[in-house]
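Here the structure comes first, spelled out in structure tokens, and everything after it is commentary.
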């Protein structure tokens, strides 16, 4: 006979995985499990092997495959005739189903601002009005359910599917130190005392944290090739020197040498590149090269205007450049 196998997300992060896992553990249903680490490059591909929606949890039982928390709980309750899945009273059962579905589909602000994380330090956070409204609505549900309950400390008396749906919220309230009334705090304590919940929290604490995304490296300036002997003698603790700007040479031999990785440059190409760099005059750096045209000083603007006028005259247009004083490129020695 086939056995149940439950695919889960990281126990420290996946509130949806906790719900059916807790329901099955409470009823001592035998199943195996696989935990897929979330927030990693390979996560989605791994989940898609078992869940067509690309989400966890997913239950596999022979040829049957279920990929929704509430559906997994109901399937297990019906397949294994688990007692107390829903209240016996029709009105209470309808109320329990309604609030379970409300938890399943609602409370978006709470999920966003108080994300499920069993590893975080216990501390309150500032909540928006929307998140606070979600908290107050959940507390109202718990008080109303407890007013109908008899016997045990769960929402409707015996532990049921509705408790599995709200258990991750109880963990959220505890980790974010949400201030609660007496009835709500007693229910949170009931959830936290459950042996299966304690087992889940311990397993979550033993997980490896998800790797942080690497920051993009800042663009580096081109630097001249460093001889192998000099590179080998450089200590890794030395302070790196600022990059030396390199002016690209025009000859084709130099371009070919630069397009080839340093490890594959032949001695002939390297010599051609060196000769081209030696013979090619390097222009002197000009200030303000990194500013826009509107920020150019008056002398640079006149030069730009003159160049544009000369180009227009070469095209046959009668746009003559304005006369400008000649500039010396050097200083005459004193007499």
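Each reported figure results from applying straightforward, stated rules to the coordinates on display, with no laboratory input. Not measured: the values here are computed from a predicted model. When we count neighbours, we look across all protein chains shown, and the Cβ atoms used for this are built from the backbone with ideal geometry, even at glycine.
Estimated at 0.36 nm per residue, the fully extended path between residue 120 and residue 137 surpasses their Cα-Cα distance by 3.7 nm.
Taking a point 7 Å out from the Cα of residue 112 in the direction of its Cβ, the residues of segment 168-195 whose backbone N falls within less than 20 Å of it are 169, 172-173, 176. Once you sort the root eigenvalues of the Cα gyration tensor of segment 4-205 as a ≥ b ≥ c, which label holds: rounded (a/c under 1.5), prolate (a/b larger than b/c) or oblate (the other case)? Taking the square roots of the gyration eigenvalues as a ≥ b ≥ c, segment 4-205 is oblate. Provide the percentage of antiparallel DSSP beta bridges, counting only those with both residues in segment 4-205; round to the nearest 5. In segment 4-205, DSSP labels about 55 percent of beta bridges as antiparallel. The calculated FRET efficiency for residue 5 paired with residue 129, based on their beta-carbon distance and R0 = 35 Å, is about 0.25.
As a proxy for reagent exposure, 101, 139 were ordered by neighbouring Cβ count within 10 angstrom, fewest first; the result is 101, 139.
As a calculated quantity, the FRET efficiency between residue 97 and residue 32 at R0 = 30 Å, using C-beta atoms, amounts to about 0.55.
How far, in nm, would the chain grow between residue 198 and residue 53 when pulled straight, counting 0.36 nm per residue and subtracting the alpha carbon separation?
On the way: separation 145, 0.36 × 145 = 52.20 nm, distance 2.93 nm.
That pair, residue 198 and residue 53, stretches by 49.3 nm at full extension.
Quick one: grab the alpha carbon gyration tensor of segment 1-110, order the square roots of its eigenvalues as a ≥ b ≥ c, and give me rounded if a/c is under 1.5, else prolate or oblate depending on whether a/b is larger than b/c.
On the way: a/c = 2.22, a/b = 1.33, b/c = 1.67.
Oblate, since a/c reaches 1.5 and b/c is not below a/b.
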